[in-house]
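Colleague: One structure, as structure tokens, below. Some questions next.
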Protein chains: 2
Amino acid sequence: MRLSQFHLRTTKETPADAELVSHQLMLRAGMIRKLAAGLYTWSPLGLRVLRKVETVVREEMDRAGAIEMIMPTIQPRELWEESGRWEKFGDQLLKIKDRKEAEYCYSPTAEEAVTDFARQELNSYKQLPVNFYQIQTKFRDEIRPRFGVMRAREFVMKDAYSFHLTDEDLVREYHNMHAAYTRIFTRLGLDFRAVQADSGAIGGDASQEFQVLADSGEDSIAFSTGSDYAANMEKAQAAAPAPRPAAGEAMNKVATPTQRTCEEVAALLGIPLQRTVKSVAVMADDAASGQHFVLALVRGDHAVNEVKLGKVPGLAGYRLATEAEIREHLGSEPGFLGPIDAKKAIRVVADRDVAAMADFVVGANEVGFHIAGVNWGRDLPEPHDIADIRNVVEGDKAADGGEIRIVRGIEVGHVFQLGRKYSEAMQFTVLDENGKATAPTMGCYGIGVSRIVAAAIEQNHDANGIVWPAPMAPWAVAVCVINPKNDAAVNDAAQRLLAELRGNGIDAVLDDRGLRPGAMFADIELIGIPHRVVVSERGLAAGTFEYRARRGAEAENLGREELFARLLS
Amino acid sequence: MRLSQFHLRTTKETPADAELVSHQLMLRAGMIRKLAAGLYTWSPLGLRVLRKVETVVREEMDRAGAIEMIMPTIQPRELWEESGRWEKFGDQLLKIKDRKEAEYCYSPTAEEAVTDFARQELNSYKQLPVNFYQIQTKFRDEIRPRFGVMRAREFVMKDAYSFHLTDEDLVREYHNMHAAYTRIFTRLGLDFRAVQADSGAIGGDASQEFQVLADSGEDSIAFSTGSDYAANMEKAQAAAPAPRPAAGEAMNKVATPTQRTCEEVAALLGIPLQRTVKSVAVMADDAASGQHFVLALVRGDHAVNEVKLGKVPGLAGYRLATEAEIREHLGSEPGFLGPIDAKKAIRVVADRDVAAMADFVVGANEVGFHIAGVNWGRDLPEPHDIADIRNVVEGDKAADGGEIRIVRGIEVGHVFQLGRKYSEAMQFTVLDENGKATAPTMGCYGIGVSRIVAAAIEQNHDANGIVWPAPMAPWAVAVCVINPKNDAAVNDAAQRLLAELRGNGIDAVLDDRGLRPGAMFADIELIGIPHRVVVSERGLAAGTFEYRARRGAEAENLGREELFARLLS
């Protein structure tokens, strides 16, 4: 490949509307161009990188025994009605009417389509297990598409779906896919972690996200210094608290005329924030109790995690209480709420840490007052529910004895044990060994192929541009020719070197555009080529090539043998 | 690859609703499954074939110097408004509203998107010429999707777009693409023809279609036995007629009480059909004459070609005249129309062959009568316009001295000189050598990648199934094992053979599913594998393998050397 025959267009200016480094650098390197909000054209340069990622993903999926196929991007409403997701998926589902007013959507994921394919193809346990995958364009109508291809509306995803007769076999394939994903992200040269994710009703480690670590990541990940434990915020748990100490203080009402937050109250009373308790008023609605008022309690320095709170029995789909509801049940207003002296009977859900506190401070349900020295069982009944309902924080003790650390990550993969949700909803059964119709259990496994490109840049760049991990680089080596048009000998030598490199299986490109060295080198650094070799008149005379690694500080003059040894190592 | 680890599902029954052989066989072989009307999932087997086609297309496009990139499938209305195609494209354009009610379409082709990309990327003549291509999913909302992937709504297309400073350079690239297409279809092993197509205002051979010849094809193609001349029906021309003979008969009115068609009149009068003239009444509307009545004349054995007639000056957008309009201008009714004794002044457009006739028969503009022995210049004025307005027919003399033949074809490719239509409409200019802003001229080049798969089957099948041209086959060789589970020696020998074949670069698959030989062989034939090798206990004892070519009549027992010689030849 010669760059004079390729299309490369780089810019020095940082685009004004690009916030993330990866978005800026992809635009500056000319990898992508915006067509409309959340819609990007991948230039020839960008596509080379995208294809390199696809290739690694495909090779490892194939190696893991998954079988590639491809499903339509446009899918009929009827299918999505069968699963109930036509309504449930929400506004991210791009809905479409065709010329006959029949309704379709642009596939954001393909559980329905693959289950429809499977029910046409599979009718016996002998055909199981099977794992189908595709690398296909997807669409999610993000309300605020941004960050370039990091959160584009149209994107490339690898999605795989496995079918099994038994739960045990699903778990086996889940681990198989987990191992394949680990190989994929390792091969791609990314710093990543597999973190436990919330998996709804299935529980256990039935769902894990693969997160590329980067400060700009949208997700928080908690991990432990004591083991390889890692989880997202919805799932991460600290160690259980130490047993509750004995009560030491008497309960006493304190005036807090303008102090509404735990921080303000703690400062006024001169006590640690950890001695205060925050009360969050919500309305729950379940079959057993109907609509009812719930006070959720977390320590003053903690924050409620909505997903965790929603998993407390009866609290699925809860909402925050209105001020009127708060007044009705507690007789007070926000800033002074607490579990004592409610106007009506209320349900109290305490975080595990709150349940283990003594001599703590809560709101008095009276404007301008809090109550200090509060103790469970003495000043108020034991909580109705005790659960982990808070976000972990940096420094929490982990269950494995280590300490919790929190880092930022970009989700690039997800493995999930779906169970029989789709096969049952879509009436897909196979005959088991006994000739009995049974719904197969399913797993699904996604990788954000186009997002990986951006995530890799977030993790691998410097002041001069992108620093690709070798397997993702558009080319491994750039052979730069100084003055190609006026110096036939140099040009010939460069062409020979290119041919030799390619003959050795090295993906090399010749920069024969005839730019001045400074501009040429800046381009090659900006687009992140791992190895640069300069062919010049001076080098030719000395029998050397100037070599510089993208990550290296200095250029070196190397003889032919040395150069090849370096590039092939 | 082992078939026991793959997913194959064949059926014996011919699906009731599949009309075309390719559709039937793709379903029977399990290459595709229907998701909804015109929407198909490509199974693992189908995808292997699709990818083989893609690979050949990609290799030849790269070799021809085109550069791959990829554009979004969802494109904003504003862009399509710029070109005027948002309205003009018609109902095949799938229009979409997003959650914010902004309008988009699913790309049926990408002239607008690539021109938008180009105007962001290109600003100097130094960056030209350039040819961008993509292999991407397209959508056309066909009113009657059918024939499987032959006329699907969602399909895979390779579309390329080139940009040039001059018309000469466009013509050069057009020929370059023509040559690349010829290599692609030749490499794919298809029997095809490049035929001239109508190219609207641009003219010349500015547009050619690549047609795979097949009796089931929807298009008619005319070619000459005298040269490589070939054209579609809108474009094909016969040789000009011989000069008009002298008049020999007197004009005479003949009673044709119930004879309305030329065939009936010729039979009644006992003359050849070639002596009669058919009159077609149409209404034209142009700036010069306003709405006016036109009588188009073709020989009794010929048919008007609508596209050709529409190209006669002033007849663009013509329509058939109503019975009322016919009565107003001719004073008669259909079946008895003619250019003589009209009630009002009319314009007569004669096909070249009609203009060269003498002593011919036309309708008398009076119910129950025709006029025979009619001659131009004597009985009526010379025609206002003389043009080629008819379909060529089998046996026509061609301009090159040969004879016209007509065959059926399936359009799989199209090369087209677009000119400056999009660059001008979308205000895309580059600076030329003199620093002057100039709109580049464009070419576009399409290949129906998924349609090729079906077209190849139409051309290559027999009673037992598909007979793939080697480059499109899912695998080149099937190694069939008799009784794999019970015979370790046979199984080992087959595995060794598979490894050896793959080591020699032969894309072989092992059929280790354990089917009975009959069922196994039927599958391998149905899915069209070019070479079958059977490993059996008996063969092993004799030191031979049973070999059969998919196109061959007989199986042969070959030694190892002979077998490899055959497969590598």
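Please treat every number below as a calculation from the coordinates, not as lab data. As the structure is a computational prediction, the values presented were derived from the model and not from experiment. Virtual Cβ from ideal backbone geometry, glycine too; neighbours counted across all protein chains shown.
Colleague: By how many nm would the segment from A:ASP507 to A:ASN557 lengthen if fully extended, with 0.36 nm per residue of separation less the alpha-carbon distance? If you can, show how the numbers build up before the last one.
Modeller: Numbers: separation 50, 0.36 × 50 = 18.00 nm, distance 2.12 nm.
Full extension of this stretch gives 15.9 nm more.
Colleague: Continuing with the same structure: Please give every one of the lysines within straight-line cross-link reach of A:LYS12, meaning a C-alpha to C-alpha distance under 19 Å, and leave out same-chain neighbours fewer than 8 residues apart.
Modeller: Once the sequence-local lysines are set aside, what remains near A:LYS12 is A:LYS34.
Colleague: Run the quick spin-label model on B:ASP228 and B:ARG319: label points 7 Å from Cα toward the beta carbon, then report their separation in nm to one decimal.
Modeller: It is 4.4 nm.
Colleague: Here is a further query. Assuming R0 = 51 Å, what is the FRET efficiency of B:ALA247 and B:SER289, from their Cβ-Cβ distance, to the nearest 0.05?
Modeller: Working: r = 31 Å, r/R0 = 0.60.
Efficiency, rounded to the nearest 0.05: 0.95.
Colleague: About the Cα centre of region A:252-387, what is the dipole size in debye to 20, counting +1 per Lys and Arg Cβ and -1 per Asp and Glu Cβ, all else neutral? Please list the in-between numbers first.
Modeller: On the way: 14 positive and 18 negative charges, 22 e Å.
Computed charge dipole of region A:252-387: roughly 100 debye.
Colleague: Could you pull out the pairs from A:LYS485/B:LYS421; A:LYS436/B:LYS138; B:LYS100/B:LYS436; A:LYS100/B:LYS100 whose alpha carbons sit more than 32 Å apart here?
Modeller: A:LYS485/B:LYS421; A:LYS436/B:LYS138; B:LYS100/B:LYS436
Colleague: Let a ≥ b ≥ c be the square roots of the eigenvalues of the Cα gyration tensor of chain B; is it rounded (a/c under 1.5), or, if not, prolate (a/b larger than b/c) or oblate? List each step's numbers first, then the result.
Modeller: On the way: a/c = 2.48, a/b = 1.63, b/c = 1.52.
Here chain B falls in the prolate category.
Colleague: Here is a further query. In peptide A:9-15, what is the residue-averaged number of other protein chain Cβ atoms found within 10 Å of each Cβ? Let's see the in-between values first.
Modeller: Working: counts 5, 0, 0, 0, 0, 0, 0.
Mean inter-chain Cβ contacts per residue within 10 Å come to 1.
Colleague: What are the ³J(HN,Hα) values, in whole Hz, obtained from phi via the Karplus relation 6.51 cos²θ - 1.76 cosθ + 1.60 with θ = phi - 60°, for each residue of region A:21-35 in sequence order, with x given for Gly and Pro?
Modeller: 4, 5, 5, 4, 6, 5, 6, 5, 6, x, 7, 9, 9, 6, 9
Colleague: Could you state the angle between the C-alpha long axis of helix A:167-187 and the longest principal axis of the C-alpha atoms of chain A, as a value from 0 to 90 degrees rounded to the nearest 10?
Modeller: Long axis of A:167-187 versus the principal axis of chain A: about 50 degrees.
Colleague: Now a separate question. Counting only residues 5 or more places away or on other chains, whose amide H sits under 5 Å from the amide H of B:ASN557 once H atoms are built in the peptide plane?
Modeller: B:TYR547
Colleague: Treating the angle as unsigned and between 0 and 90°, give the value, to the nearest 10°, between the Cα long axis of helix B:111-121 and the longest Cα principal axis of chain B.
Modeller: So the inclination is approximately 70 degrees.
Colleague: OK, next. Looking at region A:419-481, which GluC sites (Glu not before Pro) are in a loop (DSSP not H, G, I, E or B) and have at most 11 other Cβ atoms within 10 Å? Walk me through the numbers before you get to the answer.
Modeller: Values: sites: A:GLU424, A:GLU433, A:GLU458; in loops: A:GLU433.
Those satisfying the criteria are A:GLU433.
Colleague: Which lysines does A:LYS278 reach when only Cα atoms under 28 Å apart count, and residues fewer than 8 places away in its own chain are ignored?
Modeller: Within reach: A:LYS235, A:LYS253, A:LYS308, A:LYS311, A:LYS343, A:LYS344, A:LYS397.
Colleague: Treating only the Cα positions of region A:480-528 as identical point scatterers, give the base-10 log of I(q)/I(0) from the Debye formula at each q in 0.22 Å⁻¹.
Modeller: -0.81
Colleague: In peptide A:71-78, how many Cβ atoms from other protein chains are near each Cβ within 10 Å, on average? Could you put the intermediate results ahead of the total?
Modeller: Values: counts 7, 14, 7, 13, 4, 4, 1, 1.
For peptide A:71-78, the averaged partner shielding equals 6.
Colleague: If you don't mind, another one. Taking N as the number of residues in region B:381-424, what is its alpha-carbon radius of gyration divided by 2.2 N^0.38 Å? Numbers along the way, then the final one.
Modeller: Values: Rg = 17.3 Å, N = 44, 2.2 N^0.38 = 9.3 Å.
This ratio for region B:381-424 stands at 1.87.
Colleague: Could you point to the residue in A:ILE404, A:PRO383, A:ALA316 farthest towards the positive end of chain A's charge dipole, with +1 and -1 charges on the Cβ of Lys/Arg and Asp/Glu respectively?
Modeller: A:ILE404
Colleague: For region B:3-58, what is the per residue volume of the convex hull drawn over the alpha-carbon atoms, in cubic angstrom? Working shown, then result.
Modeller: Values: hull volume 5.7 nm³, N = 56.
Given the Cα convex hull of region B:3-58, per-residue volume reads 102 Å³.
Colleague: Moving to a separate point now. Which order results if A:CYS262, B:CYS480 are arranged by neighbouring Cβ count within 10 Å, fewest first? Display every interim value, and only then the final one.
Modeller: Numbers: A:CYS262 24, B:CYS480 28.
Final ranking by Cβ density, sparse to dense: A:CYS262, B:CYS480.
Colleague: Still on this structure, I have one more. For a bin width of 20 Å, list the pair-distance distribution of the protein assembly as shown built from all Cα-Cα distances, rounded to whole %.
Modeller: Over the protein assembly as shown, the share of Cα pairs per 20 Å bin runs 10, 30, 32, 19, 7, 2, 0 percent.
Colleague: Considering every residue in A:56-67, what mean count of other chain Cβ atoms within 10 Å of its Cβ is obtained? Let's see the in-between values first.
Modeller: Numbers: counts 0, 0, 0, 0, 0, 0, 1, 0, 0, 1, 1, 8.
Per residue, the number of nearby Cβ atoms from other chains is 1 on average.
Colleague: Just order B:171-179, B:283-291, B:497-505 by mean Cβ neighbour count inside 10 Å, highest at the front, would you? Intermediate values should be presented prior to the final figure.
Modeller: Numbers: B:171-179: 18.3, B:283-291: 12.3, B:497-505: 14.9.
Sorting B:171-179, B:283-291, B:497-505 by mean packing, highest first, produces B:171-179, B:497-505, B:283-291.
Colleague: Need one word for region B:252-387: rounded, prolate or oblate. Basis is the Cα gyration tensor (sqrt eigenvalues a ≥ b ≥ c); a/c below 1.5 gives rounded, then a/b vs b/c decides. Mind dumping the intermediate values first?
Modeller: Details: a/c = 1.75, a/b = 1.45, b/c = 1.21.
In terms of gyration-tensor shape, prolate.
Colleague: Do any GluC sites (Glu not before Pro) in region A:100-153 lie in a loop, going by DSSP, with at most 10 other beta-carbon atoms within 10 Å of their beta carbon, and if so which?
Modeller: Details: sites: A:GLU101, A:GLU103, A:GLU111, A:GLU112, A:GLU121, A:GLU142; in loops: A:GLU101, A:GLU142.
Counting only loop positions with at most 10 other Cβ atoms within 10 Å, the GluC sites (Glu not before Pro) in region A:100-153 are A:GLU101.
Colleague: Once Rh is set to the Kirkwood radius over Cα pairs, what Stokes-Einstein translational diffusion coefficient, in µm²/s, holds for region B:41-164 at a temperature of 20 °C and a viscosity of 1.002 mPa s? Don't skip to the answer; put the middle values down first.
Modeller: On the way: Rh = 16.1 Å.
For these conditions, the coefficient is 133 µm²/s.
Colleague: Let me ask something else. Suppose the chain between B:THR186 and B:ASP400 were pulled fully straight at 0.36 nm per residue; how much longer would it get relative to their current alpha carbon spacing? Spell out each step's value before the answer.
Modeller: Working: separation 214, 0.36 × 214 = 77.04 nm, distance 2.56 nm.
Result for the pair: 74.5 nm of gain on full extension.
Colleague: Among B:THR73, A:THR544, B:THR14, A:THR429, rank each residue by its count of other Cβ atoms within 10 Å, from fewest to most, as a rough exposure measure.
Modeller: Numbers: B:THR73 24, A:THR544 19, B:THR14 12, A:THR429 16.
Listing B:THR73, A:THR544, B:THR14, A:THR429 from fewest to most nearby Cβ atoms yields B:THR14, A:THR429, A:THR544, B:THR73.
Colleague: Can you tell me the 0 to 90 degree angle between the C-alpha axis of helix A:517-526 and the longest principal axis of chain A, rounded to 10?
Modeller: Relative to chain A, helix A:517-526 is tipped by roughly 40 degrees.
Colleague: Then there's this: Please list, ordered by chain and number, the residues whose modelled amide H lies under 5 Å from the amide H of A:GLY217; skip anything fewer than 5 residues away on the same chain.
Modeller: Answer set, sorted by chain and number: A:GLY409.
Colleague: Would you work out which of B:THR41, B:ILE371, B:ALA246 lies farthest towards the positive end of the dipole of the protein assembly as shown? Charges go on Cβ: Lys and Arg +1, Asp and Glu -1.
Modeller: B:THR41
Colleague: Let me ask something else about it. What ranking do A:ASP523, A:ASP17, B:ASP388 get, fewest neighbouring Cβ atoms within 10 angstrom at the top? Before the final figure, lay out the partial values.
Modeller: Values: A:ASP523 22, A:ASP17 9, B:ASP388 18.
Ascending number of Cβ neighbours within 10 Å: A:ASP17, B:ASP388, A:ASP523.
Colleague: Just how large is the dipole of the protein assembly as shown about the Cα centre, in debye to the nearest 20, putting +1 at every Lys and Arg Cβ and -1 at every Asp and Glu Cβ?
Modeller: Around 680 debye, computed over the protein assembly as shown.
Colleague: For region A:475-568, give the magnitude of the charge dipole about the Cα centre (Cβ charges: +1 Lys/Arg, -1 Asp/Glu; no others), in debye to the nearest 20. Display every interim value, and only then the final one.
Modeller: Details: 12 positive and 14 negative charges, 26 e Å.
So the dipole magnitude of region A:475-568 works out to roughly 120 debye.
Colleague: For A:GLU87 and A:THR258, what does the FRET efficiency come to when R0 = 41 Å and r is the distance between their Cβ atoms, rounded to the nearest 0.05?
Modeller: Details: r = 46 Å, r/R0 = 1.13.
With R0 = 41 Å, the Cβ-Cβ based efficiency is 0.30.
Colleague: Okay, next question. Taking square-rooted eigenvalues a ≥ b ≥ c of the alpha carbon gyration tensor, is region B:356-512 rounded, prolate or oblate, where a/c under 1.5 means rounded and, failing that, a/b exceeding b/c means prolate? List each step's numbers first, then the result.
Modeller: Details: a/c = 4.59, a/b = 1.76, b/c = 2.60.
Oblate.
Colleague: Of the trypsin sites (Lys or Arg not before Pro) in region A:68-150, which ones lie in a loop per DSSP and count no more than 15 other C-beta atoms within 10 Å?
Modeller: A:ARG99, A:LYS100
Colleague: Given the alpha-carbon gyration tensor of region A:164-267, what are the semi-axes of its equivalent ellipsoid in whole angstrom, ordered largest first, with each equal to the square root of 5 times an eigenvalue? Provide the component values of the computation, followed by the final result.
Modeller: Working: eigenvalues 349, 78, 33 Å².
Taking √(5λ) for each Cα gyration eigenvalue gives 42, 20, 13 Å.
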